[in-house]
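Chemist: Before I ask anything, here is the structure I am working with.
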Amino acid sequence: AILQRTRQKYEQERQPGVISHAEEFFTTITGGRYRRLFVPMDSPSEVAVEAENGARRNPAQLSRGTQEQLYLALRFGLIREFGEQSERLPVVVDEVLVNFDPMRQKRAAEAFVSLSETNQVLVFTCHPDMVKLFTDIAPDAQVINLSEITA
């Protein structure tokens, strides 16, 4: 019982900064369906998630869309952690939300807006609906239509 409590305490309180930041983004993107990300004490090279009901899953047990959301959250966590330790670099993505359902697309766009508070964010898309999604959430976002640029 003591070992189990020690393990739980480690997994709750001693996570790397990347994981802590990623957890915030993942919780946002999934609308709270997954409330925790952690590196299991017995598998330090893996990441696990905890659902709102307490069930623990590894990435292979998640749907493809949720796996992509997890990896996006981990990238955001790495970007945020790197920016705290070093220079904040721009973030460039292309069609990153295509496999997300509409609600998670919206929440992921909100996460991008949050990330844009510390980093320059460039999102490439050919989908007008995606442009509208981002401009609805961030009306001050600058939209550049590349097809209108002349040489």
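Chemist: Can you tell me which residue is modelled with the lowest pLDDT among those in region 74-98 that are open to solvent by less than 70 Å² (accessible area, probe 1.4 Å) and more than 12 Å from the chain's Cα centre (by Cα)?
Modeler: Of region 74-98, the ones open to solvent by less than 70 Å² (accessible area, probe 1.4 Å) are 74, 76-77, 79-81, 83, 86, 91, 93, 95-97.
Filter once more, so that each one left must be more than 12 Å from the chain's Cα centre (by Cα): 81, 83, 86, 91, 93, 95.
Working: GLU81: 92, GLY83: 92, SER86: 89, VAL91: 95, VAL93: 96, GLU95: 94.
It comes out as SER86.
Chemist: Scanning for something in contact with a Ser or Thr (Cβ under 9 Å, 6 or more places away or on another chain), part of a helix (DSSP H, G or I) and within 24 Å of PRO139 (Cα to Cα), does region 91-105 turn up at least one residue?
Modeler: Looking through region 91-105, at least one residue is in contact with a Ser or Thr (Cβ under 9 Å, 6 or more places away or on another chain), part of a helix (DSSP H, G or I) and within 24 Å of PRO139 (Cα to Cα).
Chemist: Which residue is nearest to the chain's Cα centre (by Cα), if the candidates are limited to region 19-39 and must be β-branched (Val, Ile, Thr) and outside any helix (DSSP H, G or I)?
Modeler: THR30
Chemist: Look at VAL131 and say whether it is at pLDDT below 95, under 19 Å from VAL143 (Cβ atoms) and open to solvent by 40 Å² or more (accessible area, probe 1.4 Å).
Modeler: So VAL131 does not fit the description; no.
Chemist: Can I ask one more? Just a yes or no: is a residue in region 51-67 open to solvent by 40 Å² or more (accessible area, probe 1.4 Å), in contact with a Leu (Cβ under 9 Å, 6 or more places away or on another chain) and not β-branched (Val, Ile, Thr)? Steps first, please.
Modeler: Step one: of region 51-67, the residues open to solvent by 40 Å² or more (accessible area, probe 1.4 Å) are 52-53, 56-58, 60-61, 63-64, 67.
From the residues that got through so far, the ones that are in contact with a Leu (Cβ under 9 Å, 6 or more places away or on another chain) too are none.
Looking through region 51-67, none of the residues is open to solvent by 40 Å² or more (accessible area, probe 1.4 Å), in contact with a Leu (Cβ under 9 Å, 6 or more places away or on another chain) and not β-branched (Val, Ile, Thr).
Chemist: Restricting the search to region 40-57, which residues are free of Cβ contacts under 8 Å to residues at least 24 places away in the same chain and either farther than 20 Å from PRO16 by Cβ or within 16 Å of the chain's Cα centre (by Cα) (or both)?
Modeler: Within region 40-57, ALA48, VAL49, GLU50, ALA51, GLU52, ASN53, GLY54, ALA55 qualify.
The values are calculated or read from the model by the stated rules, or taken from the named source; none is laboratory data. As the structure is a prediction and not an experimental result, all values here were calculated from the model. Note that each Cβ is placed from the backbone with ideal geometry, even for glycine, and that neighbours are counted across all protein chains shown. When the accessible area is computed, the model is the full protein with side chains, heavy atoms only, and any ligands, DNA or RNA have been set aside. Shrake-Rupley method; radii C 1.70, N 1.55, O 1.52, S 1.80 Å.
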